[in-house]
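Asker: Pasting a structure below so you can have a look.
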Amino acid sequence: MAWKAKQSAQLTIEQRDEPYLTSALLEKIKNKIMPRYATGQGALMTTLHEVQHTYGYIPWQAMIEIGEVLGITAAQVADVVSFYEDYHSEPMGKYVIGVCQSIACEVCGHQALMDHLKNKLGIDVHETTEDGMFSLLGMECLGSCDNAPCALVNGKQFNNLSISEVDELVAECKNNG
Ligand code: FES
């Protein structure tokens, strides 16, 4: 599973005075996104993409603000954020590496790739390196099962990956800074 279990009972939401939904974001949500949908729930995923595109992730406080503007509960917003791999509730590294862990990639060596990346980067799945360079994710099927094992690096797909090719990808990211 790619999902990250929420520690809801222990979760402390950091609040800042300045809202995450700036006037520019609010204008876009209310005048461009919401009119395209019959309900606030319908507008949620597009709104989440907009906020994530702005901040690189969707802060918990922003989920509360999104719920208020769309007329749904913060829990409904958080449920969608935590369900889809595309949404992040924490800041991510500059390079997000997602290794497919669905069935075709699983039988073609995804675990070896994942273990290698964990050791190489010194992080577990759903973690980010201390220098903020890399985040590691487990992904569900990337739609290229005949080219397993596959992974995404910042949304770009790489197929038929070997461990040495993974090393090259990581080195390339480091070289690019
Ligand atoms: S199982 Fe990995 S791309 Fe389909």
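Asker: Give just the number: which of (1) free of Cβ contacts under 8 Å to residues at least 12 places away in the same chain; (2) outside any helix (DSSP H, G or I); (3) assigned by TED's automatic domain parsing to the domain that holds E18 does D79 not satisfy?
Answerer: (2)
Asker: Okay, next question. Output the residue which, of all residues in segment 30-75 that are within 19 Å of S89 (Cβ to Cβ) and of a type in the set (S, T, Y), is surrounded by the most Cβ atoms within 10 Å (Cβ to Cβ).
Answerer: T47
Asker: Please find, within segment 65-105, the residue that is farthest from the ligand (Cβ to nearest atom) out of those that are hydroxyl-bearing (S, T, Y) and over 14 Å from Y55 (Cβ atoms).
Answerer: Looking at the filtered set, the residue picked out is T73.
Asker: If you take the residues in segment 145-160 that are in a loop (DSSP other than H, G, I, E, B) and modelled with pLDDT of 95 or more, which one is farthest from the ligand (Cβ to nearest atom)?
Answerer: The extreme case among them is N160.
Asker: Which pairs turn up if I take residues in segment 148-177 that are under 17 Å from C105 (Cα atoms) and look for partners that are among the hydroxyl-bearing types (S, T, Y) and part of a loop (DSSP other than H, G, I, E, B) with beta carbon separation below 6 Å, at least 6 apart in sequence or on another chain?
Answerer: Correct list of pairs: C150/S144; N159/S144.
Asker: Could you tell me which of the residues E90, E127 is assigned by TED's automatic domain parsing to the domain that holds L152, out of contact with any strand residue (DSSP E or B) (no Cβ under 6 Å at 6 or more places or on another chain) and modelled with pLDDT under 95?
Answerer: Numbers: E90 fails: assigned by TED's automatic domain parsing to the domain that holds L152.
Residue meeting the stated conditions: E127.
The values are calculated or read from the model by the stated rules, or taken from the named source; none is laboratory data. Source: prediction; values computed, not measured. All Cβ positions, glycine included, derive from the backbone under ideal geometry; neighbour counts span all protein chains shown.
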